[in-house]
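Participant: Before I ask anything, here is the structure I am working with.
The values are calculated or read from the model by the stated rules, or taken from the named source; none is laboratory data. A quick note: this is a predicted structure, and the numbers were derived from the prediction, not measured. Every residue, glycine among them, receives a Cβ derived from its backbone with ideal geometry; neighbour counts consider all protein chains shown. With ligands, DNA and RNA removed, areas are computed over all heavy atoms of the protein, side chains included. Shrake-Rupley method; radii C 1.70, N 1.55, O 1.52, S 1.80 Å.
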Amino acid sequence: MTPKPRLVEVRQNVLKHNDIQARALRERFRQAGAFVVSVVSSPGSGKTAFLERTLELLKPHYRVAALVGDLATENDALRLARSHAPVKQIITGTVCHLDADMVTKALEGWDLNEIEFLFIENVGNLVCPSSYDLGEDLRLVLLSVTEGEDKPLKYPTIFNTADVAVVTKVDLASAVEVDLNLLEYNIQRVRPGMQTFHVSAKSGSGIDSWLQLLQQLKVRRRGNSVQTLRPNAVSSVGFS
Amino acid sequence: MHELSIAISIVEMTENEVELKGGGVVNAVHLKLGPLAGVVKDALLASYDMAAEGTTLEGSKLIIEEVPLVGYCPGCQTESVLPSIQSLTCPRCDTPISRVVKGRELEVFALEMML
């Protein structure tokens, strides 16, 4: 008798390994009381400048640290280290995104109990990072006013997996004649209910409201240590 | 372009699964892919042969079933298929949907095997 092909049921998430690692990270962060924020955007949207400001303003009040992903160079880590916060560069080589394994490895040697806010700057890329959960509490997607109002429509998946949108370089808004209402409308189309901040890392405008949210969320999580703010890392439900 | 990493994950996962089942030859891997998975179907198909080369899955096929995007409308209190990931609003009443019910799948759901 010749063998016949048979269909065998499997049901396995392809990114299962990453999801397991991310869950373990989330658990470690929670136990240590570290609130973790990841930042994604296109190259050049101002992730590093935004984080420089954020670290500088948080540093006097909180124990902060950062991981920075890039294909090459340690330039961004050097910039963030000026805040005197512990910073580590993750050089991904040719890999276009960070994954939970890279974060786990980068955290070796750090005592998470000593960190209140950890920022993870992803590789500049609006496509690939959307698939990988890093165990973060909050995912920010940044876009600068120079990128065009239709950016959310061009990259809906990354906007959909993020929790908060930050429009950067608003000091240039009038020079580039961006329609901020249209930009907001497009964000809401791909991610209904998403909270948006308008900031300028250069002038500092808008940074205060962002820091307020961060502190509120950290307090809220402390009072609610079991549940995660991102029950499903890619849930589309806002936390408002 | 992370489809090659995804394809390698599919191959590794399938090899583990086959080992757990006590071995066998895989003719095809069936995958469910949602429009919000962030993976491009054609790029994944092109990467799969490369990822399978030199493994026990060499020569097998990747068969992709595209899953529709389904959202829950808080207005109509029903689930509907959404025509585009560019507009997560209810096709009936235009209310922004509050939850994506289906559409993020990146899941191997069956293997066609010679047992």
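Participant: Compute accessible area for the stretch B:83-111 by itself and then with all protein chains, 1.4 Å probe, and report residues whose area falls by 50 Å² or more.
Facilitator: Correct list: B:Gln86, B:Leu88, B:Arg104, B:Leu106.
Participant: Sticking with this one: Which Cα, out of B:Leu106, B:Leu88, B:Thr14, lies furthest along the positive dipole direction of chain B (beta carbon charges, K/R +1, D/E -1)?
Facilitator: The Cα lying farthest towards the positive end belongs to B:Leu88.
Participant: Here's something else I'd like to know. Quick one: what Rg and Dmax do you get for the stretch A:1-47 from the alpha carbons, in Å?
Facilitator: Looking at the stretch A:1-47, its Cα Rg and Dmax stand at 20.3, 66 Å.
Participant: Still on this structure, please answer the following. Please report the orientation-averaged projected area of the protein assembly as shown, defined via the convex hull of its C-alpha atoms, in nm². Could the numbers behind the result be given before it?
Facilitator: Values: hull surface 79.7 nm².
The Cα convex hull of the protein assembly as shown, projected and averaged over all directions, gives 19.9 nm².
Participant: Using DSSP to define loop residues, name the GluC sites (Glu not before Pro) in the stretch A:79-181 whose beta-carbon has at most 12 other beta-carbon atoms within 10 Å.
Facilitator: Details: sites: A:Glu108, A:Glu114, A:Glu116, A:Glu121, A:Glu136, A:Glu147, A:Glu149, A:Glu177; in loops: A:Glu108, A:Glu116, A:Glu136, A:Glu149, A:Glu177.
Sites meeting the loop and neighbour criteria: A:Glu108, A:Glu177.
Participant: Springs between alpha-carbon atoms under 10 Å, Gaussian network over chain A: tell me which of A:Asn122, A:Asn13, A:Asn113 tops the mean-square fluctuations.
Facilitator: Sorting by GNM fluctuation, first place goes to A:Asn13.
Participant: Continuing with the same structure: At q = 0.13, 0.21 Å⁻¹, work out log10 I(q)/I(0) for the stretch B:1-97 with the Debye formula, treating every Cα as an identical point scatterer and leaving solvent out; two decimals please.
Facilitator: -0.57, -0.95
Participant: Please report Rg over Rh for the stretch A:61-155, where both radii come from the alpha carbon positions and Rh follows the Kirkwood definition. Don't skip to the end; give the middle numbers.
Facilitator: Details: Rg = 14.2 Å, Rh = 14.5 Å.
Answer for the stretch A:61-155: 0.98.
Participant: Take the Cα coordinates of the stretch A:112-182, assign each an equal point scatterer, and use the Debye formula without solvent to give log10 I(q)/I(0) at q = 0.13, 0.23 Å⁻¹.
Facilitator: Normalising to I(0) and taking log10 leaves -0.45, -1.07.
Participant: Another question about this same structure. Would you be so kind as to list the residues of the stretch A:4-40 that have their accessible area lowered by at least 30 Å² in the full protein complex compared with their chain by itself (1.4 Å probe)?
Facilitator: Buried on complex formation: A:Pro5, A:Arg6, A:Leu7, A:Val8, A:Val10, A:Arg11, A:Gln12, A:Val14, A:Leu15.
Participant: Ignoring ligands, DNA and RNA, how do B:Ile8, A:Ile158 rank by accessible area with a 1.4 Å probe, largest first? Write down the numbers at each step before the final one.
Facilitator: Values: B:Ile8 75, A:Ile158 0 Å².
Ranked list, largest accessible area first: B:Ile8, A:Ile158.
Participant: For the protein assembly as shown, what is the charge dipole size about the Cα centre, in debye to the nearest 20, if Lys and Arg each add +1 at the Cβ and Asp and Glu each add -1 at the Cβ?
Facilitator: Values: 36 positive and 43 negative charges, 203 e Å.
Value, rounded to 20: 980 debye.
Participant: Using the Cα centre of chain B as the reference point, and only Cβ charges (+1 on K/R, -1 on D/E), how large is the resulting charge dipole? Debye, rounded to the nearest 20. Don't skip to the end; give the middle numbers.
Facilitator: On the way: 8 positive and 16 negative charges, 119 e Å.
Computed about the Cα centre, the dipole is about 580 debye.
Participant: Quick check for you: with a 1.4 Å probe and neighbouring chains kept, what is the accessible area per residue of the stretch B:29-107, in Å²? Present the calculation step by step, with values, prior to reporting the outcome.
Facilitator: On the way: 3860 Å² over 79 residues.
Per-residue value: 49 Å².
Participant: If I take R0 = 22 Å and measure r between the Cβ atoms of A:Leu172 and A:Asp150 in this structure, what FRET efficiency does the formula 1/(1 + (r/R0)^6) give, to the nearest 0.05?
Facilitator: Numbers: r = 18 Å, r/R0 = 0.80.
It comes out at approximately 0.80.
Participant: Determine the total buried accessible area between chain A and chain B, counting protein heavy atoms only with a 1.4 Å probe; round to the nearest 100 Å².
Facilitator: On the way: alone 12120 and 6900 Å², together 16130 Å².
Heavy-atom accessible area buried at this interface is about 2900 Å².
Participant: Restricting attention to the alpha-carbon atoms of the stretch A:132-218, what are Rg (one decimal) and Dmax (integer), both in Å?
Facilitator: Final numbers for Rg and Dmax: 12.9, 38 Å.
Participant: Now for a separate question. Among B:Lys41/B:Lys102; A:Lys4/B:Lys61; A:Lys218/B:Lys32, which pairs are too far apart, with a Cα-Cα distance over 28 Å? Before the final figure, lay out each step's value.
Facilitator: Details: B:Lys41/B:Lys102 17 Å; A:Lys4/B:Lys61 17 Å; A:Lys218/B:Lys32 36 Å.
From B:Lys41/B:Lys102; A:Lys4/B:Lys61; A:Lys218/B:Lys32, over 28 Å: A:Lys218/B:Lys32.
Participant: With every protein chain kept in place and ligands, DNA and RNA left out, what is the accessible area per residue of chain A? Probe 1.4 Å, answer in Å².
Facilitator: Numbers: 10660 Å² over 240 residues.
With the other protein chains kept in place, chain A gives 44 Å² per residue.
Participant: Report in % the part of the accessible area of the protein assembly as shown that belongs to carbon and sulfur, leaving out ligands and nucleic acids; probe 1.4 Å. Intermediate results must be reported in sequence, preceding the final value.
Facilitator: Details: 8250 of 16130 Å².
The computed percentage sits at 51.
Participant: Continuing with the same structure: Relative to the isolated chain, which residues of the stretch A:133-166 have their accessible area cut by 30 Å² or more in the presence of all protein chains (1.4 Å probe, heavy atoms, no ligands or nucleic acids)?
Facilitator: Hits at the 30 Å² cut-off: A:Leu153, A:Pro156, A:Thr157, A:Asn160.
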